[in-house]
1. Among the residues of region 37-80, what is the count of those that are open to solvent by 10 Å² or more (accessible area, probe 1.4 Å), assigned to a helix (DSSP H, G or I) and either closer than 16 Å to Asn139 by Cβ or in contact with an Asp or Glu (Cβ under 6 Å, 6 or more places away or on another chain) (or both)?
2. Please tell me if Glu97 is outside any helix (DSSP H, G or I) and exposed (fewer than 12 other Cβ atoms within 10 Å of the Cβ).
3. Quick check, is Glu97 charged (D, E, K, R) and farther than 19 Å from Ala120 by Cα?
4. Give region 103-157 a look and list any residue that's over 27 Å from Pro61 (Cα atoms), touching a Lys or Arg at 6+ places or on another chain (Cβ under 9 Å) and part of a helix (DSSP H, G or I), or say none.
5. Need the failing condition index for Leu170 against (1) assigned to a helix (DSSP H, G or I); (2) modelled with pLDDT under 85, just the number.
6. Are any residues in region 13-35 over 30 Å from the mean Cα position of the chain (by Cα) and among the small types (Gly, Ala, Ser), and if so, which ones?
7. Return the total of residues in region 104-149 being closer than 13 Å to Val81 by Cβ, modelled with pLDDT of 85 or more, surrounded by 15 or more Cβ atoms within 10 Å (Cβ to Cβ) and among the aliphatic types (A, V, I, L, M).
8. Which members of region 1-20 meet the condition of being open to solvent by 70 Å² or more (accessible area, probe 1.4 Å) and of a type in the set (S, T, N, Q)?
Amino acid sequence: MAAGIVFGRLAAIYGRRWTSQHESLDQAFTEWESMLVSAELPAEILSRAIDHCRSQLAWPPVPAELLAIARQVADPATPTVEAAIRALIRAAHAVDETLADAYQHPLVLAIASSEGYDAAILRTGSHSAMDAHVRPRYNRFLECGWPDWPPHAHEKPSRVGHRVDHAAGLAAIRALRGKFSWLGGGSK
């Protein structure tokens, strides 16, 4: 689907809301055209994405948002950003599960494995903090793709093969107590 058709349909659907969000329609058209050429999405998918925008969004989408909607339309199994956040929260608390069971989709695992990702924000943050932390990573992976499950994703984590020696652990803690001033001994 040509950029002119996408641009025209969105302008027809959103009217003044569409024109008011662009300072220069020529510059906006160039940006949209660049995004659509690099995305290489079929016309049918783009048309369905625009239909989704018309029925679900009160304000027109930005290029990255339309691209995310188009990828969601193309592959409905791809979780929404909200579903990804819920899966990340669940995975942050998962114990003794496979990666596939904990993260539920390879996109979610890719987000959790990305540089700078901090699960503590999902454990303790507000919804807006979680969204601000996850959404940029989510959009980046939607634009460039994400790796499939690693080979070990469906294997249960292995358990420690030896018994834990609690007495040895307590003895080591007692030996260290004298070295730290805040534990009742040692130098300051």
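1. Residues in region 37-80 being open to solvent by 10 Å² or more (accessible area, probe 1.4 Å), assigned to a helix (DSSP H, G or I) and either closer than 16 Å to Asn139 by Cβ or in contact with an Asp or Glu (Cβ under 6 Å, 6 or more places away or on another chain) (or both): 12 in total.
2. Considered against the rule, which asks whether it is outside any helix (DSSP H, G or I) and exposed (fewer than 12 other Cβ atoms within 10 Å of the Cβ), Glu97 comes out as no.
3. Yes.
4. Tyr103
5. (2)
6. Result: Gly15, Ser24.
7. So the count comes out to 5.
8. The answer is Ser20, and nothing else.
The values are calculated or read from the model by the stated rules, or taken from the named source; none is laboratory data. What you see is a predicted model, and the numbers here were worked out from it, not measured in a lab. Cβ sites come from the backbone with ideal geometry, for glycine too, and all protein chains shown count toward neighbours. With ligands, DNA and RNA removed, areas are computed over all heavy atoms of the protein, side chains included. Shrake-Rupley method; radii C 1.70, N 1.55, O 1.52, S 1.80 Å.
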